[in-house]
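Asks: There's a structure below that I have some questions on.
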Amino acid sequence: MFDGPMTIRTLHAAYARGASAVAAVDACVVRIDALNDPGIFLHLLPPERVRQAAEALPLFDPKRYPLWGVPFAVKDNIDVAGLPTTAACPGFSYCAEATAPVVQLLLEAGAILIGKTNLDQFATGLVGVRTPHPVPRNAFDALRVPGGSSSGSAVAVAQGLVAFALGTDTAGSGRVPAAFNNLVGLKPTLGALSTRGVVPACRTLDAVSIFAGSVEDAAAVFDVAAVYDPAEPYSRPVPAYGRSIARIGIPMAKDLMFFDDRNAADAWAAGAEQLKASALDVVEVDIAPFLDCAGMLYAGPWVAERRAAVGRFMDDQPEALHPVTRRILDGASTYSAVDCFNAIYRLAAFRRISDEVFGGIDALAVPTAPIFPTLAELADDPLGPNTRLGTYTNFVNLLDLAAIAVPGPFRKDGLPAGATFIAPAGSDRQLARLARMFFPGVGGKLATRAMVDA
């Protein structure tokens with residue numbers, strides 16, 4: 001009954017015909033066992049506990065409970081009461097006393113938690129391999145990186161193990177894994193989803209992100225989870241509606257960087273042609289300032305903010321950290337308070353430029369990732385490919401923009417690629433409408449197989 005893509009629509013259609021939520025979560029358990037990828041989940045709820053949660057749901061009422069019976073997963077830097085939160089660092093582990101509000105809202109809407117997923121340790125990375133646990137296998141090519149830091153969440157959705165998953169996004173962690181696994185990755189306006197109960201990476205830049213197989217599902221989860229949290233200082237309400245999107249900017253050719261990855265360049269070119277053929281007004285814009293801004297995130301004092309998030313734990317147990325994570329955080333000591341304030345001033349200038357750019361366009365479309373590294377390339381160079389992966393993502397968080405990554409035309413080597421739509425803060429719902437025009441279907445590996453088989 002649940003053989004194909006697991007989406008909110010397909011699940012609710014099955015429930016309307018009389019299927020049980022227990023059957024759906026049993027399908028999740030079967031798929032998890034059959035896939036046998038030990039890198040995806042760090043904590044799986046016992047099957048009996050998941051079945052009990054399904055049995056305890058009230059009567060099926062999708063209007064009152066819009067996520068009724070929908071299985072989901074949560075990145076393991078987000079608290080769930082009674083479960084460990086490790087941020088992929090076993091020595092850091094603690095048992096959460098309370099459930100993060102963003103997760104609680106989903107549970108109250110009828111969603112069923114299956115487990116907590118693997119990540120780049122302390123959400124530091126875009127590759128998905130900086131974990132002491134087995135690395136989640138990319139859903140399309142086990143020799144390629146899964147993308148990070150929300151690696152387990154993305155792969156869980158791509159493989160059809162859950163309908164959606166929560167990640168986090170500080171530099172692109174909710175978008176790069178989406179591109180590499182043929183998914184939608186929604187990076188909300190900063191503060192739209194409460195980050196209370198989330199282990200911070202850079203608290204001033206962190207966003208809870210959403211992975212789903214379709215824009216429709218990602219938007220539905222956003223609508224449930226985007227609730228103002230007065231107990232979270234960085235929370236803020238998001239308007240129900242913003243300005244309409246009709247004029248789209250795309251990068252000038254001189255600004256496009258693919259680091260000799262011809263397949264990535266060709267996939268972006270094909271997607272750009274689709275945009276130009278649409279009813280939208282597509283214009284080229286100079287994104288060079290955005291690319292300059294992106295470099296500040298890891299080559300600037302925000303590394304010190306990541307170090308602050310780890311706190312005394314790193315002082316007391318430095319050996320507990322992944323070697324690459326420790327190497328990055330050690331770089332925090334090279335920045336002074338003067339460096340921090342100078343970076344803040346420089347960022348203010350970039351934000352003014354951003355305002356000017358978005359004064360002439362309603363949204364910006366960019367490649368999600370300029371390269372698709374192999375695991376071997378990461379083994380040879382743990383830092384270089386990761387830095388390049390942030391080319392089109394890092395500036396979004398720094399400039400307080402909203403974004404949604406969607407699948408685009410596949411690369412010529414058969415691997416997924418994607419595009420990201422970006423707009424000013426508060427444009428989340430308008431971006432979802434735009435993304436639905438560009439990608440009206442369902443992604444992930446199961447969906448791709450179904451489309452090929454058809």
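The values are calculated or read from the model by the stated rules, or taken from the named source; none is laboratory data. Source: prediction; values computed, not measured. Positions of Cβ are backbone-derived with ideal geometry, glycine not excepted, and every protein chain shown enters the neighbour counts.
Asks: Quick test of your reading of the structure: K187 fulfils all but one of (1) among the basic types (K, R); (2) over 14 Å from N397 (Cα atoms); (3) in contact with a strand residue (DSSP E or B) (Cβ under 8 Å, 6 or more places away or on another chain). Name the failing condition by number.
Replies: The one condition K187 does not meet is (2).
Asks: Hey, another quick one. Inside region 314-425, counting only strands (runs of 3 or more DSSP E) that do not spill past its ends, which hold 2 or more residues that are of a type outside the set (A, V, I, L, M) and surrounded by fewer than 17 Cβ atoms within 10 Å (Cβ to Cβ)?
Replies: none
Asks: So, one more: Taking region 115-145 on its own, how many of its residues are out of contact with any Lys or Arg (no Cβ under 7 Å at 6 or more places or on another chain) and part of a loop (DSSP other than H, G, I, E, B)?
Replies: Of the residues in region 115-145, 18 are out of contact with any Lys or Arg (no Cβ under 7 Å at 6 or more places or on another chain) and part of a loop (DSSP other than H, G, I, E, B).
Asks: Kindly establish whether P5 is at pLDDT below 95 and of a type outside the set (A, V, I, L, M).
Replies: Yes.
Asks: From the list S173, S209, S235, which one is hydroxyl-bearing (S, T, Y), in a strand (DSSP E or B) and either touching a residue at least 40 places away in the same chain (Cβ under 8 Å) or in contact with a His (Cβ under 7 Å, 6 or more places away or on another chain) (or both)?
Replies: Step by step, each of S173, S209, S235 is checked, and only S209 is hydroxyl-bearing (S, T, Y), in a strand (DSSP E or B) and either touching a residue at least 40 places away in the same chain (Cβ under 8 Å) or in contact with a His (Cβ under 7 Å, 6 or more places away or on another chain) (or both).
Asks: Moving to a separate point now. Which of the residues that make up region 336-370 are in contact with a helix residue (DSSP H, G or I) (Cβ under 9 Å, 6 or more places away or on another chain), of a type in the set (A, V, I, L, M, F, W, C) and either touching a residue at least 60 places away in the same chain (Cβ under 8 Å) or on the phi > 0 side of the Ramachandran plot (or both)?
Replies: F350, I353, V357, A363, L364, A365, V366, A369
Asks: Mind listing just one residue for me: the one in region 13-26 that is closer than 14 Å to L161 by Cα and surrounded by fewer than 18 Cβ atoms within 10 Å (Cβ to Cβ) and, of those, farthest from the chain's Cα centre (by Cα)?
Replies: Among those residues, the one meeting the criterion is A23.
Asks: Filter region 344-368 down to the residues that are more than 26 Å from the chain's Cα centre (by Cα) and either farther than 20 Å from I287 by Cβ or of a type in the set (G, A, S) (or both) and list them by number.
Replies: The answer is Y345, A349, G359, G360.
Asks: So F41 clears everything in (1) over 21 Å from T448 (Cα atoms); (2) surrounded by fewer than 17 Cβ atoms within 10 Å (Cβ to Cβ); (3) not basic (K, R) except one condition, right? Which one?
Replies: (2)
Asks: Under the condition of being touching a Leu at 6+ places or on another chain (Cβ under 8 Å) and part of a loop (DSSP other than H, G, I, E, B), which residue from region 281-296 is surrounded by the fewest Cβ atoms within 10 Å (Cβ to Cβ)?
Replies: Result: M296.
Asks: Among the residues of region 5-16, is there at least one that is among the charged types (D, E, K, R), over 30 Å from P132 (Cα atoms) and touching a residue at least 40 places away in the same chain (Cβ under 8 Å)?
Replies: yes
Asks: Here is a follow-up. Starting from residues that are at pLDDT 95 or above and of a type in the set (A, V, I, L, M), keep the ones in region 276-296 and report whichever is nearest to F341 (Cα to Cα).
Replies: Among those that are at pLDDT 95 or above and of a type in the set (A, V, I, L, M), it is A294.
Asks: Looking for whichever is of a type outside the set (A, V, I, L, M), exposed (fewer than 13 other Cβ atoms within 10 Å of the Cβ) and more than 30 Å from R203 (Cβ to Cβ) here; the options are R262, R247. Which one fits?
Replies: R262
Asks: Something else now. Scan (1) surrounded by fewer than 16 Cβ atoms within 10 Å (Cβ to Cβ); (2) part of a loop (DSSP other than H, G, I, E, B); (3) at pLDDT 95 or above; (4) not acidic (D, E) for the single condition A299 breaks and write down its number.
Replies: Unmet for A299, out of (1) surrounded by fewer than 16 Cβ atoms within 10 Å (Cβ to Cβ); (2) part of a loop (DSSP other than H, G, I, E, B); (3) at pLDDT 95 or above; (4) not acidic (D, E): (3).
Asks: While we're looking at this one, here's another question. May I ask you to verify whether A27 is touching a strand residue (DSSP E or B) at 6+ places or on another chain (Cβ under 6 Å), among the small types (G, A, S) and touching a residue at least 12 places away in the same chain (Cβ under 8 Å)?
Replies: no
Yes or no, residue by residue, for (1) outside any loop (DSSP other than H, G, I, E, B); (2) not aliphatic (A, V, I, L, M):
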| site | (1), (2) |
| --- | --- |
| D33 | yes, yes |
| E48 | yes, yes |
| L57 | no, no |
| K63 | no, yes |
| V74 | yes, no |
| V80 | no, no |
| L106 | yes, no |
| L113 | yes, no |
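Asks: Would you pick out the residues in region 1-21 that are part of a loop (DSSP other than H, G, I, E, B), small (G, A, S) and within 20 Å of R51 (Cβ to Cβ)?
Replies: Passing the criteria: G18, A19, S20.
Asks: Which one is nearest to A53 (Cα to Cα) among residues in region 146-164 that are of a type in the set (S, T, N, Q) and assigned to a loop (DSSP other than H, G, I, E, B)?
Replies: Q159
Asks: So, of the residues in region 76-99 that are among the aliphatic types (A, V, I, L, M) and under 22 Å from R175 (Cα atoms), which turns out to be surrounded by the fewest Cβ atoms within 10 Å (Cβ to Cβ)?
Replies: I78
Asks: Let me ask something additional. From the list V157, V176, V227, exactly one residue is buried (at least 24 other Cβ atoms within 10 Å of the Cβ), farther than 21 Å from A304 by Cα and out of contact with any strand residue (DSSP E or B) (no Cβ under 6 Å at 6 or more places or on another chain). Which is it?
Replies: Step by step, each of V157, V176, V227 is checked, and only V176 is buried (at least 24 other Cβ atoms within 10 Å of the Cβ), farther than 21 Å from A304 by Cα and out of contact with any strand residue (DSSP E or B) (no Cβ under 6 Å at 6 or more places or on another chain).
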